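What follows is a short report on a single structure.
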Amino acid sequence: MKQTQITLSLLAAFCVASLPAHAAPRGVAGKGKLIHRDRSANIAERIASKEEEILFKQDAHVWRKDPEALDQRPEDLRAYSNHSYRRIVRLLTLGGLEEADGTKFKSRHAEIVAAAKAANSDGLDASEKQSIRTQLNQLNDAINAAVTEVEKGKERTPIVNRAQHRFEERIEFGVKSGRLSTLEASSLRRKVAKLEALEERLKAGQKLSSNERERLMKEVVELQRDLTRALHN
């Protein structure tokens with residue numbers, strides 16, 4: 001299992017890594033771009049096939065072993081809040097939460113943080129701290145219930161969503177760090193939404209074919225390039 005997890009991590013890293021640009025040989029204009037596209041297609045095809053093969057063999061409940069996905073409730077409220085958010089993201093990327101549940105939990109966490117910041121303007125008293133802890137407890141209780149439902153037999157979050165959530169986190173980082181404008185972030189978020197829509201359209205309640213999976217992986221690679229380019233401009 002350890003070797004399987006390492007292999008899967010390496011493949012996932014390749015899946016979302018920016019592929020190096022291959023310059024055209026001197027005197028042969030345009031050939032480098034063609035080589036780049038061919039290599040991109042081959043890499044996407046190999047990753048799509050191998051990653052799916054590994055996923056079928058891998059323990060479906062891997063989130064039970066991941067520290068960031070576990071239900072931990074530190075005494076320190078800031079640490080508790082930060083872990084709760086990381087837990088939601090980690091469960092989504094590992095397939096432990098359905099997409100709709102993850103979005104709902106992220107929104108609820110944002111509400112709790114906003115309320116805590118407002119109350120902290122003049123310092124938190126004991127009752128306010130207890131109120132925040134109670135809300136975080138309720139959030140994590142709800143997460144536990146949602147994970148349990150997935151374990152009862154609901155379909156896991158599709159593999160492309162792992163890349164999708166990494167993209168969403170990088171876009172959020174880009175906005176907060178000032179590397180992305182609101183317009184750039186909106187454009188990238190629309191592309192991420194299109195990736196999810198394409199996946200649902202191709203899947204349509206059935207197992208993806210190798211060609212469909214390859215098409216999705218190509219979209220993942222292209223979106224990763226766009227995101228990396230935007231963050232480094």
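Read the figures in this text as sums done on the coordinates, not as results from a lab. None of the values given here were measured: they were computed from a predicted structure. For neighbour counting, all protein chains shown are included, and Cβ atoms are generated from backbone atoms with ideal geometry for every residue, glycine included.
Among residues other than Arg87 with Cβ under 10 Å from its Cβ, the summed charge is -1 (Lys and Arg +1, Asp and Glu -1).
Other residues whose C-beta falls under 13 angstrom from the C-beta of Ala114 contribute a net charge of +2, scoring Lys and Arg +1 and Asp and Glu -1.
Distance cut-off 25 Å, Cα to Cα: go down the list Lys65/Lys117; Lys191/Lys218; Lys106/Lys194; Lys65/Lys218; Lys65/Lys191; Lys176/Lys218 and report the pairs above it. Distance filter (> 25 Å) returns Lys65/Lys117; Lys65/Lys218; Lys65/Lys191; Lys176/Lys218. Of the residues Phe173, Phe105, the one with the fewest other Cβ atoms within 10 Å heads the list, and the complete ranking is Phe173, Phe105. Rounded to the nearest Hz, the phi-derived 3J(HN,Hα) couplings of region 81-92 under the Karplus curve 6.51 cos²θ - 1.76 cosθ + 1.60 (θ = phi - 60°) are 4, 5, 5, 4, 5, 4, 5, 4, 4, 5, 5, 5, where x marks glycine and proline.
3J(HN,Hα) along region 168-182, derived from phi through the Karplus expression 6.51 cos²θ - 1.76 cosθ + 1.60 where θ = phi - 60°, amounts to 4, 5, 5, 5, 4, 4, x, 5, 5, 7, x, 7, 10, 7, 4 Hz, with x in place of Gly and Pro. Panel order for Thr182, Thr103, by other beta carbons found within 10 Å of each beta carbon, from fewest to most: Thr182, Thr103.
Using Cβ counts within 10 Å as a stand-in for footprinting exposure, how do Leu77, Leu180, Leu97, Leu223 rank, fewest first?
On the way: Leu77 16, Leu180 22, Leu97 28, Leu223 19.
Ordered by Cβ neighbours within 10 Å, fewest first: Leu77, Leu223, Leu180, Leu97.
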